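Every number here is computed from the coordinates shown, using simple stated rules; none is lab data. Given the structure is predicted, the values throughout are model-derived calculations rather than measurements. Heads up, the Cβs are rebuilt from the backbone with ideal geometry, glycines too, and the neighbour counts pull from every protein chain shown.
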């Protein structure tokens, strides 16, 4: 049975359930193959590349489905959905720990791989878009998206894409580098003991989760560009707090790192919402897959740069100077580049 391309569809060329199922099978396969890995290089490929690719394939589908069911609150819907991405370790980490203690690492990979495959296949059957003419009660769309033609500008040909990619990379870089050095900074600069430093991470994780629906809501209400700028202002405030923090300055440390973790969570809502808003939503599935590469680049750089700065200059304080500069660069990029590139029939501007 064939379907005509609908303006409302974000992944028109591939059934959402099938796409999620494929991602789940690849993720499970990566885990299962990891159970047979005999060296670190093989594990990097099976767990990092194969399982990681499966997660990447399945990741965007629930976001697109949530946005389609709640077109009047796309950012908030995406933000609430992506909370699961951040809170999943609360469930999986204790299970994985128990399995490793009972069955060792290899067999734990095998069990988790089979379990993830089955669970994701079952969940994939529930993911579907609402009927073509469906809309929330009492909501009237103020615009009509024009169908894409060969004359439409493609995402990679726009400055908006490169602006969003840079902004997402900076947000991820700052957030993940902060996550990596939260405890060391508490011990080295603030002089907290190791137990207290570790306990603060639980508080920061709460703010990371709250950042997703909060910035999704901000993207809905004030446009993704303004939400991004607010995010960077918070990062800049956090960087200023930490650049002058010293021994015993617990309030600055807690405030700054709550903001860092909040901002990272925010980007996991801002980026998909901006992709929906700035570019033709009929191409959302492939578009966000490309945009999401920024997360990988930011994660790679964020995990090594802060530590390298500490090794070179002898203190993590200098890393916050870099963070502050990046926040300013992000504000400039967001202001000038995060503007819509696809066409609408009304004069309304959501950029």
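Values for this structure:
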| item | result |
| --- | --- |
| Structure-derived Rg and Dmax of the Cα atoms in Å - corresponding label in (i) 20.6, 63; (ii) 21.2, 68; (iii) 18.9, 55 | (ii) |
| Residues 43, 112 arranged by fewest to most Cβ contacts within 10 Å | 43, 112 |
| FRET E, pair residue 157, residue 247, Förster distance 35 Å, beta-carbon r, rounded to 0.05 | 0.10 |
| For the range 189-260 versus the range 284-330, the gap between their alpha-carbon centres in whole angstrom | 15 |
| Residue with peak Gaussian network fluctuation, the chain [Cα springs, cutoff 10 Å], from 277, 293, 42 | 42 |
| Per-residue Cβ neighbour rank within 10 angstrom, fewest leading, 16, 310 | 310, 16 |
| Residue order, fewest to most beta carbons within 10 Å, for 325, 65 | 325, 65 |
| Normalised alpha carbon radius of gyration of the range 156-337 [divisor 2.2 N^0.38 Å] | 1.02 |
| For peptides 83-91, 157-165, sequence by mean Cβ density within 10 Å, most packed first | 157-165, 83-91 |
| Calculated FRET efficiency for the pair residue 318/residue 103, C-beta based, R₀ 56 Å, to 0.05 | 0.80 |
| Per-pair calculated FRET efficiency, R0 = 22 Å: residue 88 and residue 18 via Cβ, rounded to 0.05 | 0.45 |
